[in-house]
Each structure stands twice: as C-alpha cells, then as structure tokens.
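Novice: Questions regarding the structure given below will be posed in turn.
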Amino acid sequence: MIEEYTPEEQAALLKIARTAVEDAAAGREPAPLDLAGLPPALTRPRACFVTLYTADGDLRGCTGTLTARRPLAEEVSAMAVQTALYDPRFMPVRSEEVPGLRIEISILTPARPLAFDRPEDIPRLLRPGVDGVVLMVGGRRATFLPQVWEKVPDPYRFLDMLCQKMGLPAGAWRRPDVEVHLYETVVIEEDAAAARGRG
C-alpha cells in the first residue's frame with residue numbers, strides 16, 4: 001500500500017533535503033534532526049532516493065537505498081548528501097549551484113518478487129509508469145525508478161538498459177538465474193519554477 005503525505009509533510013521533507021544539500025556543498029556536517037518534533041509519518045523507516053535536477057531539467061545526481069534502514073527524515077537527509085557529493089557519474093555539487101537545483105524525493109514501497117515462468121515473460125508483466133524494477137543477475141543488482149519509464153517506455157529496452165547499468169550486456173535479463181523485484185514510489189518534488197527563481 002502506498003503511503004500518502006500531507007502538503008506539510010512533503011514541505012518538511014523537501015526542506016530537510018535542501019538543507020542537507022546546502023550543507024554538503026558547503027563542506028558542513030548536516031545538523032542532527034529533531035525526530036521528536038516531526039510528524040510520525042516522517043519518523044517511520046522507509047527506503048528512498050533523492051534526485052537532483054538542474055534548472056534546465058538535466059539530471060545532476062540520483063542515489064538512494066532499496067532497503068528501509070532508518071527513519072524517513074534521516075534517510076532523506078543522508079541520501080541528499082550522498083547524491084550531492086558521491087554520485088559517481090557527476091562531480092560534487094558546488095555551493096553556487098545549489099540555488100538553481102530542483103530536488104525530487106522518491107519514497108519506496110517494500111519491494112516484492114515478481115513471479116514468472118520464463119524470463120521471456122518478464123516484459124509483459126511489468127507496468128510501465130508504475131513499477132520500479134530491481135533486476136538481479138549473476139550476483140549483480142541494479143534498479144530504475146518508475147520515472148525512467150517516461151524516457152524509456154518500451155519494457156524490452158527498459159530491461160536491456162538496466163542490464164547495461166549493472167555492467168552486463170543488454171539481454172542478460174533473459175538468463176535463467178534472473179530475479180526481479182518490483183516496488184512503487186511516492187514522488188515529492190520541488191516546483192521547477194521555484195528552482196529557476198532561486199537560480
């Protein structure tokens with residue numbers, strides 16, 4: 001079941017993420033969060049991803065966790081720092097960039113295994129635009145958030161790119177040892193116009 005968050009809870013999470021990115025870019029340790037002062041929905045353990053976009057809509061970083069390990073507010077703060085500084089595809093975010101960045105938080109439902117008889121069945125069992133997909137092949141694992149369907153709507157291409165993301169050839173999802181887990185997300189995002197205004 002997907003949890004819903006009030007506008008106040010969403011605003012609180014976005015503020016936590018932005019403060020963490022600001023601190024990380026400035027080389028400061030994020031201040032500890034006062035969990036007792038937050039709504040209960042933000043203190044329950046949840047897995048999440050934090051994505052950063054430039055004012056032009058280009059990806060500037062995205063990292064996260066697939067496993068609920070700590071209170072959501074703390075996970076959002078930690079993943080915001082990780083995305084700002086340690087996404088291996090990008091240079092660390094600089095302080096002067098932060099005002100122009102737009103933040104998106106994806107809160108994950110617990111992943112569930114996908115049942116299938118043959119790997120060839122997998123594409124038709126996926127729900128484009130709904131399912132986040134975790135692909136496991138040969139001891140490797142990679143995931144795409146549901147938002148990736150917007151750019152890659154074809155399930156075959158989606159799975160091929162997921163294989164390539166984990167360093168395997170396209171089509172590796174057809175191997176007999178493949179495992180698939182699915183999850184859904186609640187997406188909380190800053191307004192793009194507001195980000196442009198800050199920039």
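Novice: Regarding segment 96-106, can at least one residue be identified that is in a loop (DSSP other than H, G, I, E, B) and outside the structural domain of G57 (by TED's automatic domain parsing)?
Specialist: Looking through segment 96-106, none of the residues is in a loop (DSSP other than H, G, I, E, B) and outside the structural domain of G57 (by TED's automatic domain parsing).
Novice: Here are A84, A55: which of them is assigned to a loop (DSSP other than H, G, I, E, B) and of a type outside the set (S, T, Y)?
Specialist: The conditions single out A55.
Novice: Within segment 107-124, take every residue that is over 18 Å from R157 (Cβ atoms) and either outside any loop (DSSP other than H, G, I, E, B) or of a type in the set (K, R) (or both) and give me the one that is farthest from the chain's Cα centre (by Cα).
Specialist: Within segment 107-124, the match that is farthest from the chain's Cα centre (by Cα) is R118.
Every residue, every condition in (1) of a type in the set (D, E); (2) more than 19 Å from L108 (Cα to Cα), yes or no:
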residue: I16; (1), (2): no, no
residue: T19; (1), (2): no, yes
residue: D34; (1), (2): yes, yes
residue: P39; (1), (2): no, no
residue: L52; (1), (2): no, no
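Novice: Cβ contacts < 7 Å: first residue in the same structural domain as W173 (by TED's automatic domain parsing) and under 11 Å from T185 (Cβ atoms), restricted to segment 118-147; second residue of a type in the set (S, T, Y) and surrounded by 13 or more Cβ atoms within 10 Å (Cβ to Cβ), any location; separation 6+ or different chain. Result?
Specialist: G132/T143; G132/Y183; G132/T185; L145/S106; L145/T185; P146/T185
Novice: How many residues does segment 62-112 hold that are charged (D, E, K, R), touching a residue at least 24 places away in the same chain (Cβ under 8 Å) and touching a helix residue (DSSP H, G or I) at 6+ places or on another chain (Cβ under 9 Å)?
Specialist: Selection size over segment 62-112: 7.
Novice: Return yes when V76 is crowded, with 17+ Cβ neighbours inside 10 Å, assigned by TED's automatic domain parsing to the domain that holds E22 and out of contact with any Pro (no Cβ under 6 Å at 6 or more places or on another chain) and no when it is not.
Specialist: Considered against the rule, which asks whether it is crowded, with 17+ Cβ neighbours inside 10 Å, assigned by TED's automatic domain parsing to the domain that holds E22 and out of contact with any Pro (no Cβ under 6 Å at 6 or more places or on another chain), V76 comes out as yes.
Novice: For segment 25-67, how many residues meet the condition of being surrounded by fewer than 18 Cβ atoms within 10 Å (Cβ to Cβ), closer than 24 Å to H181 by Cβ and either over 22 Å from the mean Cα position of the chain (by Cα) or basic (K, R) (or both)?
Specialist: 1
Novice: Could you check how many residues of segment 125-147 are part of a helix (DSSP H, G or I) and surrounded by 18 or more Cβ atoms within 10 Å (Cβ to Cβ)?
Specialist: Adding up the residues that qualify gives 1.
Novice: Before we move on, is D160 assigned to a loop (DSSP other than H, G, I, E, B), at pLDDT 95 or above and among the acidic types (D, E)?
Specialist: no
Novice: From P119, P153, which residue is farther than 22 Å from G61 by Cα and not hydrophobic (A, V, I, L, M, F, W, C)?
Specialist: P119
Novice: A further question follows. How about segment 1-52: which of its residues are basic (K, R) and outside any loop (DSSP other than H, G, I, E, B)? Spell out how you get there, then give the answer.
Specialist: Keep residues of segment 1-52 that are basic (K, R), which gives 15, 18, 28, 44, 46.
Within segment 1-52, K15, R18 qualify.
Novice: Next question, about the same structure. With (1) assigned to a loop (DSSP other than H, G, I, E, B); (2) within 29 Å of A55 (Cα to Cα) as the list, and V187 as the residue in question, which single condition is left unmet?
Specialist: If we test V187 against (1) assigned to a loop (DSSP other than H, G, I, E, B); (2) within 29 Å of A55 (Cα to Cα), just (1) comes out false.
The values are calculated or read from the model by the stated rules, or taken from the named source; none is laboratory data. In this text, all values refer to a predicted model and were calculated from it rather than measured experimentally. As a convention, Cβ positions derive from the backbone with ideal geometry for all residues, glycine included, and neighbour counts pool all protein chains shown.
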